[in-house]
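The values are calculated or read from the model by the stated rules, or taken from the named source; none is laboratory data. Everything numeric here is computed off the predicted structure, so don't read it as measured data. Backbone-built Cβ (ideal geometry, glycine too); neighbour counts: all protein chains shown. The area values use the complete protein model at the heavy-atom level, side chains included, leaving out ligands, DNA and RNA. Shrake-Rupley method; radii C 1.70, N 1.55, O 1.52, S 1.80 Å.
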Amino acid sequence: MTIAAALLVGLLAYGVFSKGGDTTLDEAVAKGERPMAPVAALPVLGADGQSSLADYKGKVVILNVWASWCDPCREEMPLLQKTHAKIASQGGMVLGVDTQDASDKALEFLKEVDASFPSVRDRDREYGRRFGVKGYPETFIIDRKGRIAAMQRFPVDQAWLDKHLPKLLAEKA
């Protein structure tokens, strides 16, 4: 009887003190809301200095969180590079956020997949946590005002990009 009571108390304590991932951002975007995207100055991958999402205000930014050891990241990179080239003339771009990588591995990866869009390093995953990132890749489309307009918690495809990009690229800043 005491073992059962101890198990019940343990289970209740676990339920009180544990919580799943924060889904606030997901819920807001699913309702059509556009919450402000987190901004942080991060080291530029392969260059001196720092960059921030704020540097690209006025542009539509496809923010892609990736890692060099992530096979789905590798698979979606050609599409992201093609999209980056396609939307540049319309005021759009891709910004990569490398996470959980050594710089040399990340740079080697970008070279292998022929990705030339800018990337920053999220060394401690803190920036990704502000977006609720739990896995890789994850992608967020940021509108011209710096708000999250769409998000994908797994690899993107052309259909997803086609669903969200045209209307965002047509919007004024």
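Side notes on the structure shown:
- Being aliphatic (A, V, I, L, M) and part of a helix (DSSP H, G or I) is a condition met by at least one residue of the stretch 87-102.
- The condition of being at pLDDT below 95 and under 25 Å from Ala170 (Cβ atoms) holds for Leu25.
- For beta carbons closer than 8 Å, sequence separation of 6+ or different chains, a first residue in the stretch 154-171 that is at pLDDT 95 or above and a second that is open to solvent by 60 Å² or more (accessible area, probe 1.4 Å) and polar (S, T, N, Q), the qualifying pairs are Leu169/Gln90.
- Some residue of the stretch 122-139 being over 10 Å from the mean Cα position of the chain (by Cα), open to solvent by less than 20 Å² (accessible area, probe 1.4 Å) and at pLDDT 95 or above: yes
- Residue pairs whose Cβ atoms lie under 6 Å apart, sitting 6 or more positions apart in sequence or on different chains, and linking a residue in the stretch 86-101 that is within 10 Å of Val65 (Cα to Cα) to a partner that is part of a strand (DSSP E or B) and basic (Lys, Arg), are Asp98/Arg121.
- Looking only at the stretch 81-114, and only at residues there that are crowded, with 16+ Cβ neighbours inside 10 Å and charged (D, E, K, R), the one that is farthest from the chain's Cα centre (by Cα): Asp101
- Taking the stretch 106-117 as the range and being assigned to a helix (DSSP H, G or I) and farther than 13 Å from Val44 by Cβ as the test, the residues that pass are Glu108, Phe109, Lys111, Glu112.
- Selected residue [open to solvent by 10 Å² or more (accessible area, probe 1.4 Å) and part of a loop (DSSP other than H, G, I, E, B)] from Pro78, Pro38, Pro43, Pro72: Pro38
- Inside the stretch 115-135, residues that are closer than 18 Å to Trp69 by Cβ and out of contact with any Pro (no Cβ under 7 Å at 6 or more places or on another chain) make up a count of 10.
- Among residues of the stretch 116-128 that are without any contact (Cβ under 8 Å) to a residue 24 or more places away in the chain, none has a Cβ under 6 angstrom from a residue that is open to solvent by less than 90 Å² (accessible area, probe 1.4 Å) at a sequence gap of 6+ or on a separate chain.
- The residues of the stretch 27-52 that are in contact with a Leu (Cβ under 7 Å, 6 or more places away or on another chain) and closer than 14 Å to Ile141 by Cβ, listed by number, are Pro35, Ala37.
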